[in-house]
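Input: a single structure, listed below in structure tokens.
Nothing in this text is a laboratory measurement; each read-out follows from the coordinates by a stated rule. Because the structure is a prediction, the values reported are computed rather than measured. Glycine also receives a Cβ, built like all others from the backbone with ideal geometry; neighbour counts cover every protein chain displayed.
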Amino acid sequence: MASRKRKIEQEKRVFNELWTELYFFIELKGKPLCLICQKSISVVKEYNLKPHYDTEHKAKFDCLEGEIRKRKISTLKSSLQNQQNIFKVVADNSESNVRASYRGKNKLICDMYTDVKSFEMKLKLFIKHIDEKKLDHFPNCKKAVEEAGDNFVWQNITMRNVLTQLQTEFVNRFTDFKKSSLNMEIFQNPFAIDISEVPSNLQMNIVALQSNSTLKTAFKESTDLIQFYGGLSSENFKELKKFAQQIITMFGSTYLCEQTFSILNYRKNKNCSRLTDEHLDAILRVSTTKMKADVKKLASQMQPQKSH
Ligand SMILES: [Zn+2]
């Protein structure tokens, strides 16, 4: 079994340069790729390539011989190269936008949820557009296609593959989001949620909230969800506040988590042997919070030192 596998792998490696001129195939990422229709074939063997050429392209391309054939091959090669470069840039850009948007210190988990959801929707749209040969959202591709004119061979498969791969990656990476999507929606807009969908422990609080017009206006005017939930009365909205706290304390990015560990390493070194767990806890809290200490209040609670 093992030796058979090795044998196939060895055979796979050898791509005969002659096949380019004979069958319009080149080697790309270890696989032979048809320059004409951009189909790739998994086994590097002449008997896999020749039939493809014979059935698909022979009739149209066999008339090209000698120099003309070579020139055609180099045109196809360079147009493939262009397509791939442009497409890679588009995919990289979209990806890095998303990556950048979910870094950052003060992000809530629901912001990240929104970014991911919107990117997934964009991907869906891109794929649909590629199928319809529309390039409105790929200005560079559009330009390249216009420039290539009649030389451009529409091969949606390559483009589609890049996008669907990205789509699958996203779905796999963010499966947890799907499970908590209802919670995110309640948290982000408690006034718009259908009460029958809300978990029963929150229902009474949400009903009270939705029928309170003052709070509704406050919510509309507020740009900070933490502030809004913080301002609700603990007595009347106990469950909802607890729920909000759970969501707010989830890491919206890895920033805070990484920051906390680096502070921990910095503080708990060999020179701080008398640092107790209690102190360390306090240091971490102070270093990572955005809250400011109310010094006036703290001072007023201190017992003044009596002078003798
Ligand atoms: Zn082909």
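Using the Cβ of His129 as centre and a radius below 14 Å, the other residues enclosed give a net charge of +4, where K and R count +1 and D and E count -1.
Pairs over the 18 Å Cα-Cα cut-off, from the set Lys179/Lys238; Lys29/Lys77; Lys107/Lys268; Lys117/Lys179; Lys107/Lys297; Lys117/Lys241: Lys179/Lys238; Lys107/Lys268; Lys107/Lys297; Lys117/Lys241. Using a simple spin-label model with pseudo-atoms 7 Å out from Cα toward Cβ, Lys60 and Ser180 lie 5.2 nm apart. Using r as the Cβ-Cβ distance of Cys272 and Ile226, and R0 as 35 Å, what FRET efficiency do you calculate, to the nearest 0.05? After rounding to 0.05, the efficiency reads 0.60. Residues of segment 33-61 with an amide N closer than 18 Å to a point placed 7 Å from the Cα of Ser74 along the Cα-to-Cβ direction: 35-36.
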